[in-house]
1. Looking at region 199-215, I want the residues that are under 20 Å from LYS162 (Cβ atoms) and open to solvent by 10 Å² or more (accessible area, probe 1.4 Å) and have a partner that is part of a helix (DSSP H, G or I) and among the hydroxyl-bearing types (Ser, Thr, Tyr) with Cβ atoms under 9 Å, at least 6 apart or on another chain. Which pairs are those?
2. Only residues in region 239-255 that are under 13 Å from SER39 (Cα atoms) and in a loop (DSSP other than H, G, I, E, B) count as the first member; pair them with residues that are open to solvent by less than 10 Å² (accessible area, probe 1.4 Å) and modelled with pLDDT of 95 or more, Cβ under 8 angstrom, at least 6 apart or cross-chain, and list the lot.
3. Can you go through THR144, THR192 and tell me which one is within 18 Å of the chain's Cα centre (by Cα), part of a strand (DSSP E or B) and polar (S, T, N, Q)?
4. Examine region 227-237 for a residue that is in a helix (DSSP H, G or I) and at pLDDT below 95, and state whether such a residue exists.
5. Please find, among GLN121, GLN91, GLN134, the residue that is part of a loop (DSSP other than H, G, I, E, B) and either open to solvent by less than 20 Å² (accessible area, probe 1.4 Å) or at pLDDT 95 or above (or both).
6. For region 160-184, which positions are free of Cβ contacts under 8 Å to residues at least 12 places away in the same chain and assigned to a helix (DSSP H, G or I)?
7. Do we find that SER167 is at negative phi and surrounded by fewer than 24 Cβ atoms within 10 Å (Cβ to Cβ) in this structure?
8. Among the numbered criteria (1) closer than 26 Å to TYR209 by Cα; (2) hydrophobic (A, V, I, L, M, F, W, C); (3) in a strand (DSSP E or B), which single criterion is violated by ALA150?
Amino acid sequence: MNKVTFYLVSFVLVIGLIPTISAQSLKGMSLNGSTGLISIPNGRIGWEKSADIGVDLGYHGIFEDSEIAHIGAASVSLFKRVELSFAYDNQIGDDNGDTLIGGKIQLPTSGTAVAVGTNFQMLQQGGSSSNATQIYLAATYPSTFFNMPAETTVVVGKTFIKDSNDSNIDFGMGFDLLLFPKVFQNYIHWITDFSNFSYSVQAVGSNAYQRGSLNTGIRIDLAASPSLRKYKFVIDAMLTDALDTNRAFTLGFAAGIPIQ
C-alpha cells in the first residue's frame, strides 16, 4: 500500500467521523492484548468506569494460507486508570513465538479518552531473538456516522527496534461503529483501523511496517444482552491487511469480569 493510499484513507476517516454525540463504548481486545481495535490500541481501559479491578482473557487465531497463528492474551485493569496486558503469539513454523507485554495509563480527561502506553516485544524467529519497544499516545472520542454512534481513535507513537535505525513515526486511525443499532439491537459493531504499524513488529498477516495496512471486521457484543451487561464477551471476525494480497482472516473472542 503506497503513501498516497495511506494518507487518503486517513483523511476519509477524519472527515467521515466528526465528533457529535456520545457513542456506545465497546472495550474489545486488540491482537496484542491491550484494549483497542484490531492492530491499534485505543484511549480506553478495559474497566475504566465500572470496576476498580477487572480481568479480561482473549484469543485470536490468524489464518494465513493453510496455517494458523494462535494468540492468547490477558489483561488486568486497575483503579479505573491503569491497564496491564500480556499476549503470546505462537507465530507460524518451528522455533517461532513472540511475547508481548503492554501497559497504559488513562489520563484524567473528559469527553475524549486519552491514554499513554507502551508495549515490549520479545521476538523469536527461526531460533534467533530480538526485542522491540513501542511508546504511544492514543485518543478516542465519540462521533457519529450516518446517525450511527461510533468512536474514533487516533494513535501516534514510536517503535524502537533493536539493532535498527528505523526512523518511522507510528501513526494509526480507526473507528468502532455501532452498526444499525435498532436493527441489530446494539449487538453488532463494525471495527476498522489503518496504520503503519501492527500489533507487533513480526505480525502475522500484515505488512504494516513496510507500507501500512487496513484491517476491518465485525465485533459481536454479547454483553448487549441485559442478562450479561455486567460482564464482557465479544466475538471477532476480521480481515487483516485487507487491501493487499497477503490478507489473512482472523477469528477470536475476549471475555471479562469485574473483580471489585
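1. That search, which allows pairs on different chains as well, returns VAL201/TYR209; ALA203/TYR209.
2. From region 239-255, the pairs are ASP241/ASN215; ALA242/ASN215.
3. Values: THR144 fails: within 18 Å of the chain's Cα centre (by Cα).
Of the residues listed, the single one that is within 18 Å of the chain's Cα centre (by Cα), part of a strand (DSSP E or B) and polar (S, T, N, Q) is THR192.
4. Just the residues of region 227-237 that are in a helix (DSSP H, G or I), to begin with: 227-228.
Filter once more, so that each one left must be at pLDDT below 95: 227-228.
Within region 227-237 (the criterion being in a helix (DSSP H, G or I) and at pLDDT below 95), the answer is yes, since at least one residue qualifies.
5. After applying the criteria, what remains is GLN91.
6. Those that are free of Cβ contacts under 8 Å to residues at least 12 places away in the same chain and assigned to a helix (DSSP H, G or I): LYS182, VAL183, PHE184.
7. Values: at negative phi: yes; surrounded by fewer than 24 Cβ atoms within 10 Å (Cβ to Cβ): yes.
Answer is yes for this residue.
8. Failing condition for ALA150: (1).
The values are calculated or read from the model by the stated rules, or taken from the named source; none is laboratory data. It should be emphasised that the depicted structure is a prediction, and the values quoted were computed from it without experimental measurement. Ideal geometry is used to build each Cβ from the backbone, glycine not excepted, and the neighbour counts take in all protein chains shown. To get the accessible areas, we keep the full protein, side chains included, count just its heavy atoms, and leave off ligands, DNA and RNA. Shrake-Rupley method; radii C 1.70, N 1.55, O 1.52, S 1.80 Å.
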